[in-house]
Amino acid sequence: MVGRPERATGAIAATVLAFGLALLTAVPAEAAPTPSPSATPAAAPQRWPAGTGLSTAVLGEAVLTLPARDGLRDSVPLRVRSGQEGRVEVVAHRGARDVPISTVALKRTGAGWQRTVRVPVGKLTEGRWRLEARRVAEPAVRSRTSVLVGSGEPVSVAIKPVARTVYPYRDGVLDAVDATVVATDETGAALPVRGALRLDVGARHRTRTLHGGRARIPVTTMPFGSGRLSAAVRGPAGAAKRTTTVALAPTGVGALRLARSADTVQPVVDGLLDAVTLTTSGTASGGSSAKVTGRLTIEGRSGVVRSWKVPDGAARRFVWDGRVQGAIVPGIYTVTLRLRGPEGPTTTRTRTLTVSKDHLPYRVRDLFAVAAGNQQGLAVHDGLFYVATDVGSGSSRIDVYDGRGTIVRTLGVLPIGHGAALSFSTTTGQLYAANGGPTSPTTVYELDPGATDPALAVKRTVGDLTILGPNGMVAVDDAGGRLLVFAGTKGAYTLSSVGFDGTIQRTASISISGLPQGLQMIDGELWVYTSLRGRNRIARFAVTDGAVVAAGTGTAAFDLMNPGEGEGLAFSDGSTYVGAHGGNRVGVLELVADE
C-alpha cells in the first residue's frame, strides 16, 4: 500500500489530491512470490503508476541464497517504476532492522521513469525480507515487495537411483547403480552439492565421488542382496547425510510365455484338434540380453510323456500329437515350461491340456488340386470329376479331371452363371448345373457331359424356376425321378421338387447353418454342404413320400475340417466328394474309426 504523505504542501498536496490516493501503486509488505526450486516463475505484468506513485517488482525468482559471492543466487534485480522523475531509496526491512540497499535517480524510458537496482544477499540474513522503494523527497510515497533469503544449507536431501534393482551380471545393462543426489535449503530452492555416494552390501562396499550431483557405482563384483546407498554431501553452507536402499538381484528370467493353440487334443485324425502347438518365449530379467534356456515337458498320470529342449528365449513352436507311445490315453496333462538365466533360480509356467478320443464322423482325404480360379460346383461320374469355375460375365468353365487331377478334356466356357452346383443323372445321362449367386434368379441347365463344342454343351434350360429366388443349387434324385432345387435367401431358404421337364411339383422351407455351397442325394438322404467360419458342415435331411424334404427334419449334421470355404458336393460309386477353396482342392470323405 502507499502511505499518505504527511508533509505534502502546496503543489505536492495539489498533485496528490488531483490524481487521488488510489493511483499511488503499492505492493503489500508480505506479498512475496512462492519460490520454485526448479524454474523461475513468470512475473506478473508491472504497471506504470500515475504521477509520483511507485511500483516495484523483483525480476525473476524472488529468492537469494547465502553465502554471498559463491555465484549462487547472490543478488536479484529489483525494478522501480514511476510516472514522474525523481530519486528513490531502496531499503530491505526485516523485523526492526532496515538495511539500505541503494539510492538512485529514476531514468526516463519510453513509457515513464524507471530504474533497476541489484539487491545483494551479502547485506541480508536468512528469512523473508521486505523490499521497499520510497521517494527521497516524499518518503511517504513508497512501494513494497519481498524476497526470500535461504541459508544455503542442505536441509532436504534425496538420493534418486535410476533403478531400484540392479544386477551384478556383467553385460552393461543395469550392472551399476546410477544415482543423482538433489538438495534444497529451507526455501525450497535447489542447491548444488558435492560429496560422495557409498554402496554397502553385506560386508562389501564401494564409494564414488559426486560430479554434478551424480555418481555411478559398478556392482559387478558385489554380492546379491539388499544394499544401503548413502550420500554424504555439502551444500553452499552446511552438510547433510541421507540413505536409501537398492536391491542387487541375480540375472534370471524376467518374462516367459507359454501358449497353447487349443486346450483340448483329439488325436483321432479327423482334421479337428488332431494335435496341439505349444509356443514358448522368454527374456532375461532387467532388460538383459543374456541367454535363457530350459525344457518344455508334458506330464500325465504316468509321469513325463514328452519333453523338448528349449535352446533360447526366442519364440519357438513345439507340436504334440496327443499320443503316448503311439496310443491315445485320455486325461488331463500338465505342460510346464522351465527356463533359467545365467544366474538365479528356474522360473516356470504351466498350462493344462485335455486329451480326448472324441472325433468327427468323417475326415477329408485330399485327392488333387484343380485349376486356379473361383472354384464352384462339383459332379463325379464313372471316375471323372466335373469342376465348374466361375470366370465372370455370367459364365463358368467346366473342366473334366481324372482321379489324379489331370484335365482330360473341357466342356469350355458356358453361359451358366456362377456354376454353383453340378449333379449327374444316371437316368438321363446328362449333367445338370444351377447358376447360383445371391442376386441371380434360379436357373437350372441341362448339359451334355460329353460335349466337345461349348456351343453344343448347353442342351436346354430346365423350365422357368426364377420364381424360386436366388442362390439356386440343384441335386439329381434319380430314385425319385426328379430334381431337387435349393433356393432363397438367408432365413428363408426353400427346397423344391422339380420334374425333369421343369415342372415345380411342390416347395417346402428348409433350415441350414452357414452359406450354401453344395447339394446331393446320398443313400436316400439329402446332404446340404455349407461353409461356416473356420470350418465346413454337412447337414443331412430325410426325404419322405418320394416328395420333398419335410421342413426342419435335419437328421444329423457334422463338421468337416478341410481347409477353405466349401465348394461343391458329389456322390459316386459309394464315395462322397467335396471341393474347397483352400488351394482349390478336391477330397473324399472317409469314416473316422474309434481308437
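The values are calculated or read from the model by the stated rules, or taken from the named source; none is laboratory data. Quick caveat: nothing in here was measured; it's all calculated off a predicted structure. All Cβ positions, glycine included, derive from the backbone under ideal geometry; neighbour counts span all protein chains shown. Ligands, DNA and RNA are stripped out before the accessible areas are found, and what is left, the full protein with its side chains, is counted by its heavy atoms. Shrake-Rupley method; radii C 1.70, N 1.55, O 1.52, S 1.80 Å.
Please sort by residue number the GluC sites (Glu not before Pro) in segment 78-126 whose DSSP state is loop and whose Cβ has at most 15 other Cβ atoms within 10 Å.
On the way: sites: 85, 89, 126; in loops: 85, 126.
The qualifying sites are 85.
Using +1 on the beta carbon of Lys and Arg, -1 on that of Asp and Glu, and nothing else charged, what's the dipole of the chain about the Cα centre, debye to 20? Show your work: numbers first, answer last.
Details: 65 positive and 48 negative charges, 1180 e Å.
Value, rounded to 20: 5660 debye.
How many nm is it between the label spots at residue 461 and residue 220, if each spot is 7 Å from the Cα in line with the beta carbon?
8.7
Could you state the angle between the C-alpha long axis of helix 10-19 and the longest principal axis of the C-alpha atoms of the chain, as a value from 0 to 90 degrees rounded to the nearest 10?
Tilt relative to the chain: about 10 degrees.
What FRET efficiency would be calculated for the residue pair residue 109, residue 234, taking the C-beta separation as r and a Förster radius of 45 Å, to the nearest 0.05? Kindly include the intermediate steps, with their values, before the conclusion.
On the way: r = 44 Å, r/R0 = 0.98.
Calculated value: 0.55.
Extending each Cα 7 Å along its Cβ direction at residue 350 and residue 68, get the distance between those two points in nm, one decimal.
Spacing of the two 7 Å Cα→Cβ label points: 7.6 nm.
Residue 504 accessible area, nearest 10 Å², 1.4 Å probe?
In the full protein context, residue 504 sits at about 60 Å².
How big is the dipole moment of segment 440-589 about its Cα centre under a simple scheme where the beta carbon of each Lys and Arg is +1, that of each Asp and Glu is -1, and everything else is neutral? Debye, nearest 20, please.
On the way: 10 positive and 14 negative charges, 110 e Å.
Roughly 520 debye for segment 440-589.
Treating the beta-carbon of each Lys and Arg as +1 and of each Asp and Glu as -1, no other charges, what is the dipole magnitude of segment 34-153 about its Cα centre, to the nearest 20 debye? Walk me through the numbers before you get to the answer.
Details: 19 positive and 10 negative charges, 82 e Å.
The dipole magnitude comes to about 400 debye.
How much of the DSSP beta bridge set in the chain is antiparallel, as a percent to the nearest 5?
Within the chain, antiparallel bridges account for around 95 percent of the total.
Quick one: which residues, 5 or more positions from residue 227 or on another chain, have an amide H under 5 Å from its amide H? H modelled 1.01 Å from N in the peptide plane, none for Pro or chain starts.
Answer set, sorted by chain and number: 246, 247, 248.
Taking 7 Å along the Cα-to-C-beta vector as the label spot, tell me the residue 317-residue 371 distance in nanometres, rounded to one decimal.
It works out to 3.3 nm between the two label points.
I want the local charge near residue 314. Using Cβ-Cβ distances under 15 Å, sum +1 for each Lys or Arg and -1 for each Asp or Glu among the other residues.
Working: positive: 257, 291, 309, 316, 317; negative: 312.
Combined, the nearby Lys, Arg, Asp and Glu give +4.
So which aspartates and glutamates pass the test for residue 459, namely a Cα distance under 12 Å, with those fewer than 8 places away in the same chain ruled out?
Within reach: 446, 448.
Name the shape class, rounded, prolate or oblate, that the alpha-carbon gyration tensor gives for segment 356-490, where a ≥ b ≥ c are the square roots of its eigenvalues, rounded holds for a/c under 1.5, and otherwise prolate holds if a/b is larger than b/c and oblate otherwise. Provide the component values of the computation, followed by the final result.
Numbers: a/c = 1.44, a/b = 1.15, b/c = 1.25.
Rounded.
For segment 235-249 and segment 471-518, write down the distance between their C-alpha centroids in whole Å.
87
Under the Karplus relation 6.51 cos²θ - 1.76 cosθ + 1.60, θ = phi - 60°, what is the ordered set of whole-Hz ³J(HN,Hα) values for segment 510-525, x standing for Gly and Pro?
Per residue, the Karplus-derived 3J(HN,Hα) values read 9, 10, 9, 10, x, 8, x, 10, x, 8, 7, 8, 9, 6, x, 10 Hz.
May I ask which residue of 141, 173, 151 lies farthest towards the positive end of the charge dipole of segment 134-176, with charges of +1 (Lys, Arg) and -1 (Asp, Glu) on Cβ and the Cα centre as origin?
Farthest towards the positive pole: 141.
Round to the nearest 0.05 the FRET efficiency obtained for residue 170 and residue 264 when R0 = 60 Å and r is the Cβ-Cβ distance. List each step's numbers first, then the result.
Working: r = 46 Å, r/R0 = 0.77.
Rounded to the nearest 0.05, the efficiency is 0.85.
From the list [x] 133, 74, 40; [y] 96, 70, 52; [z] 104, 61, 39, can you say which value of Cα extents along the principal axes in Å was derived from the structure given?
[x]
Filter 309/357; 123/160; 160/291 down to the pairs with a C-alpha to C-alpha distance above 32 Å, please.
Those over the limit are 123/160.
I'd like to check one number: the per residue accessible area of segment 180-258, probe 1.4 Å, reported in Å² as a whole number.
Numbers: 3690 Å² over 79 residues.
Per residue, segment 180-258 has 47 Å² of solvent-accessible surface.
For segment 98-251, what does the alpha-carbon gyration tensor say about shape, rounded, prolate or oblate, given a ≥ b ≥ c as the root eigenvalues, a/c under 1.5 as rounded, and a/b over b/c as prolate?
Numbers: a/c = 4.84, a/b = 3.41, b/c = 1.42.
Since a/c reaches 1.5 and a/b is larger than b/c, the shape of segment 98-251 is classed as prolate.
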